[in-house]
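Read the figures in this text as sums done on the coordinates, not as results from a lab. Not measured: the values here are computed from a predicted model. Virtual Cβ from ideal backbone geometry, glycine too; neighbours counted across all protein chains shown.
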Amino acid sequence: QVQLVESGGGLVQPGGSLRLSCVASGRIFRPYTMAWFRQAPGKQRDLVARITSAGITNYADSVKGRFTISIDNVKNTVYLTMDGLKPEDTAVYYCYHSNLNSDSWGQGTQVTVSS
């Protein structure tokens, strides 16, 4: 099982930036995929961005050009750099890890975009 701990959420004004971090620990084997999902109140949890252990990335259309997912394989940490934040980006952001044996979720970190 892989444990995930997120950090970096908070309150930011529209147009601002935040960087989320997710540290993975435990039995980490390649190949794997790590991702960020988000869930706003009353809505389903949606994929924001994902990255494979080979470095292949995918983004939701709503965040393309504004968000960047990256991974530090030495630190077992995945980052989500969010620029040009909009009020509609407000949600709880969850880190996700998947390999051939298991799926894991982090506890979530709140991101609020408001003036």
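Here are a few things to note about the model shown:
- Candidate lysines for bridging to Lys86, where Cα separation is under 25 Å - those fewer than 8 sequence places away on the same chain excluded: Lys43, Lys64
- Charge-dipole axis of the chain as Lys and Arg at +1 and Asp and Glu at -1 on Cβ define it, positive-most pick from Leu80, Ile28, His97: Ile28
- Considering only Leu11, Leu20, Leu100, the Gaussian network model of the chain with Cα springs below 10 Å gives its largest mean-square fluctuation to Leu100.
- Distance between the stretch 53-105 and the stretch 13-28 - C-alpha centres, whole angstrom: 8 Å
- With 5 Å bins from 0: P(r) over the stretch 17-114, alpha-carbon pairs, percent: 3, 13, 26, 26, 18, 9, 4, 1
- Taking the Cα centre of the chain as reference, the dipole from Cβ charges on Lys and Arg (+1) and Asp and Glu (-1) amounts to some 140 debye.
- Other residues lying with their Cβ under 9 Å from the Cβ of Asp89 contribute a combined charge of +2, Lys and Arg counting +1, Asp and Glu -1.
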